[in-house]
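Here's the structure we're looking at; comments come further down.
The values are calculated or read from the model by the stated rules, or taken from the named source; none is laboratory data. Please read these numbers as outputs of a predicted model, since none were measured by experiment. Methodologically, a virtual Cβ is constructed for each residue, glycine included, from the backbone with ideal geometry; neighbour enumeration extends over all protein chains shown.
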């Protein structure tokens, strides 16, 4: 039987790591990731786990040593945040290009300057094209469950692609909730040991992470793209399998909440989806036909889903905790592109930057703005909400 | 610990390399692999050595091998060594890293410091050709004083590299109290191979800094790589030493240094120098040797 504990999302993720039984964890501390790597150190100190823990001198080395370990066929974990993620950026493409299924947690935090330790998603979104699968979670429970699922997705022979599990800094990483911790046997039955031929081998020596020139390069990148297509299916099937085991489902790539007859929906990524859920319930009570699309997988992006609902809703708003300066919010531009030709009104709300709170009232305003657009009111496509001078 | 040259295996674990003729790096790597044998897992950063040995669909290296990022050699092989332990691999397997001088003393120094401090079970060989040769001869932290490189060009306002002393990787590693570190030269193959052999039999982080002349970058006849490397030692511009059990030791001290111009005049990168430059370089050499003698004695 699984047991329940009162945990922060960082601690919950650490349980997910422990239950996945990695061989090697390497990490370097950075706020707000620290309580995760501390919890892992506690597991070892208490004799609750027995993997190798590398305390490296930087995030760059954290990811490089994870790569080295993965090249040996080891199941490997690391975690970082913000500037640390940017610092290991160089290694992210080494890992993904050489098809090493490392799992990492990014405790989402803003990026400098200005120096800011609080949550938004600018760090992860800056890594959009690193070749990593990028999943975002809504709760501590989902963080634990997604770390375990991430190994199953990453290590699938058709996928063989690293996974970044994104947990909103402070809002989730330092917020406590009741979390169900599965039994080890349960996880073992779900997640088999990592087995690969993509590793060093004393009987049959391998050349890995090889230099590849123009004559073969494109084919390798094509195969990476195919792997992401396979990951789209795998993320869904792994979610379903996990749901059968634990009773907890997160929808796979996306989760629709009260969308069936909705006229106006918001797309939310990460912890804010939880607040949107509450607002949807309240507005539904008042008779407003609103819904939530929770985007769980940013890469691979569920393009086919958004294509399929392009004429389903009257208006769609996208909440972004990041912005690609000179264009749109990062998620919005993807949604808009996937829904090309849609008859729906669309708007992008840039909120929550540098840890700014996103209260329910703000989300309600978004829905009302969208209803206004449906009734013919003109609104700017991209809006920063809750500005001090408003 | 003695290496018997007669007993070295004929088998080559490095051949078909696309380096320039007379490449000192290839010589060092070949000798090291002769000593370490096939039970070796190798990694290199992006560098000359990787670019000439490891381009798909070919490889000149006959042991397990991977290329990693320029700053990341030490951390990558650390991860390999730690994973091997976690996975229960045989203990006699050597985790070897080979990187150039730029990849070691400049961009790779932080990762190497981390590996040294953790004392991960690796052998790290820095093959020093005194500049970023893979990118076409730009200066590094160990480029010789007054050497011409493409980023220390000579002209009315420049006599080449301005830094009087090479960054001392050997002493930096000793300051980490690694179990073993040494300097070596491809002109002294027995000394070098014995150092590799010694490193193989010590657990922990071992670092060997070997001088590997580059005919292309330095501008000399590829036939005289070994002679050039030997002159560097005989003129006192390079040295052979070890640090073990917390003690320094010179392996070879010339009775009398040859005039530095015997070494410098062989190379195009020093052709702008005159008599006063030679004497200045000699004075620097003496300062460095006096300092090392005090420290190592």
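Looking only at residues in the stretch B:62-79 that are in a helix (DSSP H, G or I) and at the interface with another protein chain (Cβ under 7 Å from one of its Cβ atoms), which one is nearest to residue B:11 (Cα to Cα)?
Kept after step one, since they are in a helix (DSSP H, G or I), are these residues of the stretch B:62-79: B:70-79.
Still in the list and also at the interface with another protein chain (Cβ under 7 Å from one of its Cβ atoms): B:71-72, B:75-79.
Values: B:71: 32, B:72: 30, B:75: 30, B:76: 27, B:77: 25, B:78: 28, B:79: 29 Å.
Out of the qualifying residues, it is B:77.
For the stretch B:164-195, which positions are part of a loop (DSSP other than H, G, I, E, B) and over 18 Å from residue B:8 (Cβ atoms)? Step through it out loud before you land on a result.
Initially, the stretch B:164-195 is screened for residues part of a loop (DSSP other than H, G, I, E, B), giving B:164-168, B:176-179, B:186-188.
Of everything in the stretch B:164-195, those that are part of a loop (DSSP other than H, G, I, E, B) and over 18 Å from residue B:8 (Cβ atoms) turn out to be B:164, B:165, B:166, B:167, B:168, B:176, B:177, B:178, B:179.
Could you figure out which of (1) in the same structural domain as residue A:349 (by TED's automatic domain parsing); (2) in contact with a helix residue (DSSP H, G or I) (Cβ under 7 Å, 6 or more places away or on another chain) isn't true of residue A:272?
Condition (2) is where residue A:272 drops out.
Could you count how many residues in the stretch B:227-251 are within 22 Å of residue B:148 (Cβ to Cβ), in contact with a strand residue (DSSP E or B) (Cβ under 8 Å, 6 or more places away or on another chain) and assigned to a loop (DSSP other than H, G, I, E, B)?
So the count comes out to 1.
So, residue B:113, is that one in contact with a strand residue (DSSP E or B) (Cβ under 7 Å, 6 or more places away or on another chain), farther than 17 Å from residue B:31 by Cα and modelled with pLDDT of 95 or more or not?
Values: in contact with a strand residue (DSSP E or B) (Cβ under 7 Å, 6 or more places away or on another chain): no; farther than 17 Å from residue B:31 by Cα: yes; modelled with pLDDT of 95 or more: yes.
It is false that residue B:113 is in contact with a strand residue (DSSP E or B) (Cβ under 7 Å, 6 or more places away or on another chain), farther than 17 Å from residue B:31 by Cα and modelled with pLDDT of 95 or more.
Quick check on the stretch A:41-52. Is at least one of its residues touching a residue at least 60 places away in the same chain (Cβ under 8 Å) and on the phi < 0 side of the Ramachandran plot? Please lay out each step first, then the result.
In the first step, residues of the stretch A:41-52 are kept if they are touching a residue at least 60 places away in the same chain (Cβ under 8 Å); the result is none.
The answer is no, given that none of the residues of the stretch A:41-52 is touching a residue at least 60 places away in the same chain (Cβ under 8 Å) and on the phi < 0 side of the Ramachandran plot.
With the condition kept exactly as written, say whether any residue in the stretch A:98-109 is surrounded by fewer than 20 Cβ atoms within 10 Å (Cβ to Cβ), in contact with a helix residue (DSSP H, G or I) (Cβ under 8 Å, 6 or more places away or on another chain) and more than 14 Å from chain B (Cβ to nearest Cβ).
Pass one, the stretch A:98-109, residues surrounded by fewer than 20 Cβ atoms within 10 Å (Cβ to Cβ): none.
So far as the stretch A:98-109 goes, no, none of its residues is surrounded by fewer than 20 Cβ atoms within 10 Å (Cβ to Cβ), in contact with a helix residue (DSSP H, G or I) (Cβ under 8 Å, 6 or more places away or on another chain) and more than 14 Å from chain B (Cβ to nearest Cβ).
Could you tell me which residue of the stretch B:85-99 is nearest to the other protein chains (Cβ to nearest Cβ), considering only residues that are in contact (Cβ under 8 Å) with a residue 40 or more places away in the chain and out of contact with any helix residue (DSSP H, G or I) (no Cβ under 7 Å at 6 or more places or on another chain)? Give the derivation first.
If we filter the stretch B:85-99 for residues that are in contact (Cβ under 8 Å) with a residue 40 or more places away in the chain, which is where we start, we get B:90, B:92-99.
Retained after the next criterion (residues that are out of contact with any helix residue (DSSP H, G or I) (no Cβ under 7 Å at 6 or more places or on another chain)): B:90, B:92.
Numbers: B:90: 8, B:92: 10 Å.
It comes out as B:90.
Specify the residue that is farthest from residue B:130 (Cα to Cα); the eligible residues are those in the stretch B:49-61 that are in contact with a strand residue (DSSP E or B) (Cβ under 8 Å, 6 or more places away or on another chain) and at the interface with chain A (Cβ under 8 Å from one of its Cβ atoms). Outline the logic, then answer.
So in the stretch B:49-61, the residues in contact with a strand residue (DSSP E or B) (Cβ under 8 Å, 6 or more places away or on another chain) come out as B:49-51, B:53-56, B:59-61.
Pick out the ones that are also at the interface with chain A (Cβ under 8 Å from one of its Cβ atoms) and you get B:50-51, B:54-56, B:59, B:61.
Numbers: B:50: 17, B:51: 18, B:54: 22, B:55: 24, B:56: 28, B:59: 26, B:61: 24 Å.
If we take residues in the stretch B:49-61 being in contact with a strand residue (DSSP E or B) (Cβ under 8 Å, 6 or more places away or on another chain) and at the interface with chain A (Cβ under 8 Å from one of its Cβ atoms), then B:56 is farthest from residue B:130 (Cα to Cα).
Rundown of residues vs (1) assigned to a helix (DSSP H, G or I); (2) farther than 23 Å from residue B:84 by Cα; (3) within 12 Å of chain B (Cβ to nearest Cβ), yes/no style:
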site: A:12; (1), (2), (3): yes, yes, no
site: A:22; (1), (2), (3): no, no, yes
site: A:26; (1), (2), (3): no, no, yes
site: A:29; (1), (2), (3): no, yes, no
site: A:36; (1), (2), (3): yes, yes, no
site: A:42; (1), (2), (3): yes, yes, no
site: A:74; (1), (2), (3): no, no, yes
site: A:112; (1), (2), (3): no, yes, no
site: A:117; (1), (2), (3): no, yes, no
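If a residue has to be closer than 19 Å to residue A:390 by Cα and either touching a strand residue (DSSP E or B) at 6+ places or on another chain (Cβ under 7 Å) or surrounded by 19 or more Cβ atoms within 10 Å (Cβ to Cβ) (or both) to count, how many in the stretch A:341-364 make the cut? Quick ask: steps written out before the conclusion?
Let us first name the residues in the stretch A:341-364 that are closer than 19 Å to residue A:390 by Cα, namely A:347-364.
Retained after the next criterion (residues that are either touching a strand residue (DSSP E or B) at 6+ places or on another chain (Cβ under 7 Å) or surrounded by 19 or more Cβ atoms within 10 Å (Cβ to Cβ) (or both)): A:347-353, A:358, A:362-363.
The qualifying residues number 10.
For the stretch B:114-128, state whether one or more residues are surrounded by fewer than 19 Cβ atoms within 10 Å (Cβ to Cβ) and not in a strand (DSSP E or B).
Applying the first criterion (surrounded by fewer than 19 Cβ atoms within 10 Å (Cβ to Cβ)) to the stretch B:114-128 yields B:117, B:119.
With not in a strand (DSSP E or B) added as a condition, the list becomes B:117, B:119.
Yes, that holds for at least one residue.
Against the condition under 16 Å from residue A:23 (Cα atoms), in the same structural domain as residue A:152 (by TED's automatic domain parsing) and touching a residue at least 60 places away in the same chain (Cβ under 8 Å), how does residue A:74 come out, does it pass? Write out each step before concluding.
On the way: under 16 Å from residue A:23 (Cα atoms): yes; in the same structural domain as residue A:152 (by TED's automatic domain parsing): yes; touching a residue at least 60 places away in the same chain (Cβ under 8 Å): yes.
Yes, satisfied.
Which one of these is in contact (Cβ under 8 Å) with a residue 24 or more places away in the chain and closer than 26 Å to residue B:203 by Cα: B:74, B:46? Walk me through how you get there before you give the answer.
On the way: B:46 fails: closer than 26 Å to residue B:203 by Cα.
On inspection, the qualifying residue turns out to be B:74.
So, in the stretch A:311-334, exactly how many residues are in a loop (DSSP other than H, G, I, E, B) and under 16 Å from the mean Cα position of the chain (by Cα)? Show your work before the answer.
Narrowing the stretch A:311-334 to residues in a loop (DSSP other than H, G, I, E, B): A:311-314, A:321-329.
When the remaining residues are screened for being under 16 Å from the mean Cα position of the chain (by Cα), the result is A:321-322.
The total comes to 2.
Check the stretch B:40-48 and report whether any residue there is more than 25 Å from residue B:191 (Cβ to Cβ), surrounded by fewer than 19 Cβ atoms within 10 Å (Cβ to Cβ) and within 14 Å of chain A (Cβ to nearest Cβ).
No - not one qualifying residue is present in the stretch B:40-48.
Could you go through the stretch A:76-96 and let me know if any residue there is away from every other protein chain (no Cβ under 14 Å), in a loop (DSSP other than H, G, I, E, B) and at pLDDT 95 or above.
Yes, there is a match, as at least one residue in the stretch A:76-96 is away from every other protein chain (no Cβ under 14 Å), in a loop (DSSP other than H, G, I, E, B) and at pLDDT 95 or above.
Scan the stretch A:257-297 residue by residue and report those that are assigned to a helix (DSSP H, G or I) and either under 21 Å from the mean Cα position of the chain (by Cα) or free of Cβ contacts under 8 Å to residues at least 60 places away in the same chain (or both). Spell out the reasoning first.
Initial filter on the stretch A:257-297 (assigned to a helix (DSSP H, G or I)): A:272-285.
Correct list: A:272, A:273, A:274, A:275, A:276, A:277, A:280, A:281, A:284, A:285.
Looking only at the stretch B:201-226, count every residue that is assigned to a loop (DSSP other than H, G, I, E, B) and under 18 Å from residue B:31 (Cβ atoms) and tell me the total. Quick ask: steps written out before the conclusion?
Initially, the stretch B:201-226 is screened for residues assigned to a loop (DSSP other than H, G, I, E, B), giving B:201-204, B:212-214, B:219-221.
Checking the rest, the ones that are also under 18 Å from residue B:31 (Cβ atoms) come to B:201, B:212-214.
Result for the stretch B:201-226: 4.
Only one residue in B:35, B:25, B:82, B:105 is assigned to a helix (DSSP H, G or I), at pLDDT 95 or above and at the interface with chain A (Cβ under 7 Å from one of its Cβ atoms), so which one is that?
Details: B:35 fails: at the interface with chain A (Cβ under 7 Å from one of its Cβ atoms); B:25 fails: at the interface with chain A (Cβ under 7 Å from one of its Cβ atoms); B:105 fails: at the interface with chain A (Cβ under 7 Å from one of its Cβ atoms).
Of B:35, B:25, B:82, B:105, the one residue that is assigned to a helix (DSSP H, G or I), at pLDDT 95 or above and at the interface with chain A (Cβ under 7 Å from one of its Cβ atoms) is B:82.
Evaluate the following for residue A:322: is it without any contact (Cβ under 8 Å) to a residue 12 or more places away in the chain and either within 29 Å of residue A:144 (Cα to Cα) or out of contact with any helix residue (DSSP H, G or I) (no Cβ under 8 Å at 6 or more places or on another chain) (or both)?
Working: without any contact (Cβ under 8 Å) to a residue 12 or more places away in the chain: no; either within 29 Å of residue A:144 (Cα to Cα) or out of contact with any helix residue (DSSP H, G or I) (no Cβ under 8 Å at 6 or more places or on another chain) (or both): yes.
Considered against the rule, which asks whether it is without any contact (Cβ under 8 Å) to a residue 12 or more places away in the chain and either within 29 Å of residue A:144 (Cα to Cα) or out of contact with any helix residue (DSSP H, G or I) (no Cβ under 8 Å at 6 or more places or on another chain) (or both), residue A:322 comes out as no.
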